[in-house]
Each structure stands twice: as structure tokens, then as C-alpha cells.
Amino acid sequence: MNFAPFIDPIALAIVLGGTVVAILLRTPLGDLGRGIAALGTLGRRRFDAEPLLAQIGAFTRITRRHGVIALDRAVISDPDIAAAIAEIVDGAAPERITLLLDQRRLARLERHRAAAEMWSAAADIAPAMGMIGTLIGLVQMFTAMRDPATIGAAMAVALLTTLYGAVVASLIAAPVAARLKRHARHEAQERARIVAPLAELATVQPRHGAQELAA
């Protein structure tokens, strides 16, 4: 199949350029950066809380043996667990740990939602840019009726901008937005699993004599 007739730089510039400009005008820079960076997460495995739960279990055993102060030397890569452990070491109550983790989870979900909304906006804007390009092409075509040589190019712009808008929306932007939303919901659900164990960790007491032995 010959795809050459379906390639038109002017139509591409109208749809892609118009979509990018519209996104820049309506999206804060922080959300824009997150939306672009989120593309790198599409190929990753979905978030799994099991390794984190295993790590929390190990922290519970350490606390029972050496006391909670021993966790201050733990190497923790997950930011939510690191924040919770820092609070636990400082003597925070379980209710404080629960509130902290809930706030962090909701804040992360909001950031992910903003990134997905950028791509949802692109899915809405691209067909509109395609329609604008169609109108531009039709105007050019009607103003060039006396010159048959220019009618074909104007007609190509009118038709291909509609095609490009539909392709960008249906095959790129909308699927990206949908996947980002699914990943965000899944991660929020998985992270909810670590709240109770960390809150319980705040209540763990060392075995009798463990603190003196650790000292």
C-alpha cells in the first residue's frame, strides 16, 4: 500500500502544532512535565505492594528485637515507607501514620490524575484541530476555484487534517490517558495495603530487655 498520499506536512502541522499549543495554554507546566514523563511508565510492570509488605514485616521483626530506634539506620527506597518510618522512629501514634500515608497516597493519585488529564485533553483537542484544518483547506479550495492546479493540495489539507485528528485522538492520546488512569488506580489500591501494617508497626514494643541489649 502506498502511504505517500496520506502524508501532508501542512495538515500535520495544523493538527499536531495546534494540539501542542492548546495543551500548553491550558496545562500548568508542572502537570505538563508529569504528563510527558508519565510516558516512561507505560512499559513498566504495574505497582506491586508485596515487596513493600515483606519489608515492613522485616521492620516489625527488627523492632521487636532491637527497638524502633534500630529502624533509623534502615535503607528504604520507597518514599512513603521512608516517611512513615521516620515518623515512627520519632514516636508518632498509629493515627498519625495512617493520616500521613493517606495524604501521600491521595497527593500521588492527584499528580497521576493531572498527567492523565493532559492526554485526555489532547484526545479532545486533536479532532477539533482536525476540523479547523478542514475548514482552512475548504477556504483555500473555494478561493482557488479558478486555478485547478491548487485545488488538489487544498482538498488534501481539508481531508487529511480530519484524518490526523482522529488518529491522534483515538490511537495515541486516548489510549495513553486510559492506561495512565488504570495504573494510577491500581497503585493507589496497592499502596492502601501498606497503611495498616505501618500503623501497626507504630505500636510494636521490643521484647523485654531488647532495648538494653541493643544499647
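The values are calculated or read from the model by the stated rules, or taken from the named source; none is laboratory data. Because the structure is predicted, anything quoted here is derived from the model rather than measured. Cβ atoms come from the backbone with ideal geometry, glycine included; neighbour counts cover every protein chain shown. The accessibility values were calculated without ligands, DNA or RNA, using every heavy atom of the protein model including side chains. Shrake-Rupley method; radii C 1.70, N 1.55, O 1.52, S 1.80 Å.
Inspect all residues belonging to the range 70-89 and state whether any of them is among the basic types (K, R), modelled with pLDDT under 95 and either touching a Ser or Thr at 6+ places or on another chain (Cβ under 7 Å) or within 25 Å of L109 (Cα to Cα) (or both).
As a first pass, look at the range 70-89 and keep what is among the basic types (K, R): 73.
With the extra rule that they be modelled with pLDDT under 95, the set shrinks to 73.
Then keep just the ones that are either touching a Ser or Thr at 6+ places or on another chain (Cβ under 7 Å) or within 25 Å of L109 (Cα to Cα) (or both); that gives none.
Scanning the range 70-89, I find no residue that is among the basic types (K, R), modelled with pLDDT under 95 and either touching a Ser or Thr at 6+ places or on another chain (Cβ under 7 Å) or within 25 Å of L109 (Cα to Cα) (or both), so the answer is no.
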>> The conditions are (1) open to solvent by 30 Å² or more (accessible area, probe 1.4 Å); (2) in contact (Cβ under 8 Å) with a residue 40 or more places away in the chain, and A114 fails exactly one of them. Which is it?
In response: (1)
>> Need the failing condition index for M129 against (1) within 30 Å of P175 (Cα to Cα); (2) modelled with pLDDT of 95 or more; (3) open to solvent by 40 Å² or more (accessible area, probe 1.4 Å), just the number.
In response: (3)
> With the range 13-104 as the region, which helices (runs of 4 or more DSSP H) entirely inside it contain at least 2 residues that are β-branched (V, I, T), open to solvent by less than 50 Å² (accessible area, probe 1.4 Å) and closer than 30 Å to M129 by Cα?
Replying inline: 18-26
> What are the residue pairs meeting all of these: first residue in the range 47-63, first residue among the small types (G, A, S), second residue part of a helix (DSSP H, G or I), Cβ atoms under 7 Å, and 6 or more apart or on different chains?
Replying inline: A49/E190; A49/R191
> Of the residues A123, A86, A92, A128, which single one is in contact (Cβ under 8 Å) with a residue 24 or more places away in the chain and over 25 Å from G165 (Cβ atoms)?
Replying inline: A92
> Here are some residues: G137, G165, G133. Which one is in contact with a Pro (Cβ under 6 Å, 6 or more places away or on another chain) and either without any contact (Cβ under 8 Å) to a residue 12 or more places away in the chain or of a type outside the set (A, V, I, L, M, F, W, C) (or both)?
Replying inline: G165
> Going by the conditions given, is T134 open to solvent by less than 50 Å² (accessible area, probe 1.4 Å) and not aliphatic (A, V, I, L, M)?
Replying inline: yes
> Residues in the range 158-168: is at least one modelled with pLDDT under 95, open to solvent by less than 40 Å² (accessible area, probe 1.4 Å) and out of contact with any helix residue (DSSP H, G or I) (no Cβ under 8 Å at 6 or more places or on another chain)?
Replying inline: no
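Whether any residue in the range 175-194 is β-branched (V, I, T), open to solvent by 30 Å² or more (accessible area, probe 1.4 Å) and more than 30 Å from I14 (Cβ to Cβ) is what I want to check. I'd like the intermediate steps shown before the answer.
Initial filter on the range 175-194 (β-branched (V, I, T)): 176, 194.
Within this subset, residues satisfying the condition of being open to solvent by 30 Å² or more (accessible area, probe 1.4 Å) are none.
No, there is no match, as no residue in the range 175-194 is β-branched (V, I, T), open to solvent by 30 Å² or more (accessible area, probe 1.4 Å) and more than 30 Å from I14 (Cβ to Cβ).
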